[in-house]
Amino acid sequence: MRKPIIAGNWKMHKTVEEGKHFINEIDGLVPNEADIDTVICAPFVHLPVLVDLVKEKPVAIGAQNMHFEEQGAFTGEVSPTMLKDLGVDYVILGHSERRQYFNDTDQTVNKKTKAAHQYGLVPIVCVGENLDQREGNQTKDVVKEQVTLAFDGLSAEQASQTVIAYEPVWAIGTGKSSSAEDANEVITYIRSVVSDQFGSEVADKVRIQYGGSVKPENIKEYMGQSDIDGALVGGASLKGDSFLQLLEGHKG
Ligand code: 13P
């Protein structure tokens, strides 16, 4: 049995004060850690405060990106050791917005994925096709390439502990979500790609989320699918009550 994992991706939203308010709102209402992994992925400036606020709570904190080097002359970047040192547990890698606007490539995502494991962070590796690729029937080719390259050179243990987020680019922030059946079909295919690369034991363990216009109203449909293990949620993760409803929806 794979444990569900629901992660909020705040993207570039909220001041630190607003972040604190959010934690107050959800305090005491987050489901048990034995049933679900709850993650909040926040902008870097929030991380020390959030890590401190969620101590002893069933909530883990993630970053939204990082550099793959431990340190160096990389102005404006943040390293895996800095995140680990703060008590951050997760890091989103290769989000489509970073691929689109900040030059993340399958190669840098691979380096970052390896670095995350090296320094004890759980990577949430994002993959997904854009609208042209979808309409050109290239979805499976695109996600196969992204997953294969991101996972290249990982050990079986590291692969099984990597979280994949399937986020069709055309469904992000648009209100147009992939149907649960379509998302499950692609996610089942992604699991078969992992199986080809690392074997069925690893593929059975790896957790794969769906992301793209997930809301309290549709989360149960996704969580009810055979291969969808969770969700990576942008807009609907920003308000405490909405986030709590998403967590409740993990039962499918
Ligand atoms: P939305 O939930 O706002 O569509 O964003 C999805 C996403 O990109 C999460 O990483």
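Tell me which of these Met12 doesn't satisfy, since it passes every other one: (1) under 19 Å from Ile124 (Cα atoms); (2) exposed (fewer than 13 other Cβ atoms within 10 Å of the Cβ); (3) more than 16 Å from the ligand (Cβ to nearest atom).
The one condition Met12 does not meet is (3).
Considering (1) modelled with pLDDT under 95; (2) in contact with a strand residue (DSSP E or B) (Cβ under 7 Å, 6 or more places away or on another chain), say which one Gln161 fails and leave the rest.
Condition not satisfied by Gln161: (1).
Among the residues of the stretch 28-43, is any farther than 22 Å from Leu247 by Cβ and open to solvent by 10 Å² or more (accessible area, probe 1.4 Å)?
No: the stretch 28-43 contains no residue that is farther than 22 Å from Leu247 by Cβ and open to solvent by 10 Å² or more (accessible area, probe 1.4 Å).
All but one of (1) open to solvent by less than 40 Å² (accessible area, probe 1.4 Å); (2) within 17 Å of Tyr90 (Cβ to Cβ) hold for Tyr222; state the number of the condition that does not hold.
Here Tyr222 clears every test but (2).
Can you tell me which of Ala150, Ala159, Ala116 is assigned to a helix (DSSP H, G or I), over 15 Å from Gly94 (Cα atoms) and among the hydrophobic types (A, V, I, L, M, F, W, C)?
Ala159
Hey, any hits in the stretch 68-89 for a residue that's at pLDDT below 95 and either away from the ligand (no atom under 15 Å from the Cβ) or in a loop (DSSP other than H, G, I, E, B) (or both)? Let's see the steps before the verdict.
The first filter runs over the stretch 68-89 and keeps only residues at pLDDT below 95, leaving none.
No; the residues of the stretch 68-89 include none that is at pLDDT below 95 and either away from the ligand (no atom under 15 Å from the Cβ) or in a loop (DSSP other than H, G, I, E, B) (or both).
Name every residue in the stretch 183-203 that is open to solvent by 10 Å² or more (accessible area, probe 1.4 Å), of a type outside the set (Lys, Arg) and free of Cβ contacts under 8 Å to residues at least 40 places away in the same chain, in order of residue number.
Matches in the stretch 183-203: Glu185, Thr188, Ser192, Ser195, Asp196, Ser200.
Please go through the stretch 79-96 and give me each residue that is open to solvent by 10 Å² or more (accessible area, probe 1.4 Å) and either over 13 Å from the mean Cα position of the chain (by Cα) or of a type in the set (Gly, Ala, Ser) (or both), ordered by number.
Listed by number, the residues that qualify are Thr81, Met82, Lys84, Asp85, Leu86, Gly87, Ser96.
Condition test on Lys251, is it open to solvent by 10 Å² or more (accessible area, probe 1.4 Å), touching a residue at least 24 places away in the same chain (Cβ under 8 Å) and either among the aliphatic types (A, V, I, L, M) or within 16 Å of the ligand (Cβ to nearest atom) (or both)? Show your work before the answer.
Working: open to solvent by 10 Å² or more (accessible area, probe 1.4 Å): yes; touching a residue at least 24 places away in the same chain (Cβ under 8 Å): yes; either among the aliphatic types (A, V, I, L, M) or within 16 Å of the ligand (Cβ to nearest atom) (or both): no.
The answer is no for Lys251.
Residues checked against (1) without any contact (Cβ under 8 Å) to a residue 60 or more places away in the chain; (2) buried (at least 23 other Cβ atoms within 10 Å of the Cβ):
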| site | (1), (2) |
| --- | --- |
| Arg98 | yes, no |
| Tyr101 | yes, no |
| Ala116 | yes, yes |
| Ile124 | no, yes |
| Asn137 | yes, no |
| Lys144 | yes, no |
| Phe151 | yes, yes |
| Ser160 | yes, no |
| Val163 | no, yes |
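The values are calculated or read from the model by the stated rules, or taken from the named source; none is laboratory data. None of these values were measured; they are calculated from a predicted model. Reconstructed Cβ throughout: ideal geometry from the backbone, glycine too, with neighbour counts over all protein chains shown. Side chains are part of the model used for accessible areas, which takes the heavy atoms of the whole protein and leaves out ligands, DNA and RNA. Shrake-Rupley method; radii C 1.70, N 1.55, O 1.52, S 1.80 Å.
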